[in-house]
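Undergrad: Here it is, the structure, as structure tokens.
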Amino acid sequence: MKLSQGIENEHQFIRRCQQGDVQAYAMLYKQYERPLFNTALRMSGNPQDAEDAVQIAFLKLYRSIDKFQFKSKLSTYLYRILMNVCFDQMEKRKREMEKQNIPTESSYSEKPDLKLHLEKAISALPEKMRACFVLFAIEDLKQEEISEILHLKIGTVKAHIFAAKAKLRASFFESLPGELS
């Protein structure tokens, strides 16, 4: 059974997970591991942190699936868990760096590569703005889902996405070495 075959099948699938069906969890992991990793990587900028976030998110899902109340889609619930894990990781990293008096900057190198520049610009966005942008522009989630995942009002999600686009656009125009002049 594929997870994206409709609400009724998704409910059956979740019930299988709630009953401890290991095969259902394996299917869940197989379907969501890569998109969750990509989201976590864009949030953290670090592959190891992203992998850790995904593992922690799946562990938290395993521990809390019996509390799932079918008020949202399973993917929304899973992304909410992942985003909370990412926010916790970023806060922990920030505190550790402050203790060591290390400036909190992105872990990217300074290569003049367009994709790298975009990733660096995304990682420089404030946490909630980055989360909204990544979930909307990269993971292709609807603004209503993002609102639910991040526990933000829809207007706030729209504002974060708008502001993120403006900041990224400005970042690219600032970095161009007179090529458009």
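The values are calculated or read from the model by the stated rules, or taken from the named source; none is laboratory data. Since the model is a prediction, treat every value here as computed from it, not as a measurement. So basically every Cβ, Gly included, is an ideal-geometry build from the backbone, and we count neighbours across all protein chains shown.
Undergrad: Are any of the residues in region 99-117 at pLDDT 85 or above and in a loop (DSSP other than H, G, I, E, B)?
TA: The answer is no, given that none of the residues of region 99-117 is at pLDDT 85 or above and in a loop (DSSP other than H, G, I, E, B).
Undergrad: Look at Gln89 and say whether it is surrounded by fewer than 21 Cβ atoms within 10 Å (Cβ to Cβ), free of Cβ contacts under 8 Å to residues at least 12 places away in the same chain and not small (Gly, Ala, Ser).
TA: For Gln89, the condition - surrounded by fewer than 21 Cβ atoms within 10 Å (Cβ to Cβ), free of Cβ contacts under 8 Å to residues at least 12 places away in the same chain and not small (Gly, Ala, Ser) - is not met.
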